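Undergrad: To start, I am sharing the structure in question, which I have written as structure tokens.
The values are calculated or read from the model by the stated rules, or taken from the named source; none is laboratory data. What you see is a predicted model; the values in this text were computed from it and never measured. All Cβ positions, even for glycine, are placed from backbone atoms using ideal geometry, and neighbour counts span all protein chains on display.
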């Protein structure tokens, strides 16, 4: 590939990273609001399923919720930085951060699945499968198809 000519697929991967990091930021803002309100949510008038979920989250405690927030924030940072690296075709920012994101997201999905009960969306579910597809795709693409394009 000639210098300065970025493959369209690499640009698309960068755009996906920016979209997913933007969605992660919205999720982080929602988590902040939720953490602020978790102790104040009355559960008496809720249906059984919602009440069980809220009470389970209240029982998890602050350290687990902070860990969940930290994992999400770090994943968002990796996504954003690797997206910049893809656009600039940088070896460290693109390939390094892309690999870091892929590995981190896979491990984070496992940790989150283990920490949260099935009542809270944890465990092995369709959400877990979807959460594993993009990191795996990222690892495969930047280490095969776009390997020679991330060299600057």
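Undergrad: Of 83, 61, 113, 94, which residue is at positive phi and either without any contact (Cβ under 8 Å) to a residue 12 or more places away in the chain or touching a helix residue (DSSP H, G or I) at 6+ places or on another chain (Cβ under 9 Å) (or both)?
TA: The match here is 61.
Undergrad: Which one is farthest from residue 132 (Cα to Cα), of the residues in the stretch 35-53 that are surrounded by 15 or more Cβ atoms within 10 Å (Cβ to Cβ) and at pLDDT 75 or above?
TA: Here the answer is 51.
Undergrad: Would you confirm whether or not the stretch 110-117 contains a residue that is modelled with pLDDT under 90, within 17 Å of residue 132 (Cα to Cα), part of a loop (DSSP other than H, G, I, E, B) and over 11 Å from the mean Cα position of the chain (by Cα)?
TA: yes
Undergrad: Among (1) surrounded by fewer than 19 Cβ atoms within 10 Å (Cβ to Cβ); (2) under 18 Å from residue 19 (Cβ atoms); (3) modelled with pLDDT of 90 or more, where does residue 82 come up short?
TA: Condition (1) is where residue 82 drops out.
Undergrad: Can you pull out every residue in the stretch 89-109 that is over 11 Å from the mean Cα position of the chain (by Cα) and either closer than 14 Å to residue 18 by Cα or surrounded by 18 or more Cβ atoms within 10 Å (Cβ to Cβ) (or both)?
TA: 89, 90, 93, 94, 95, 97, 98
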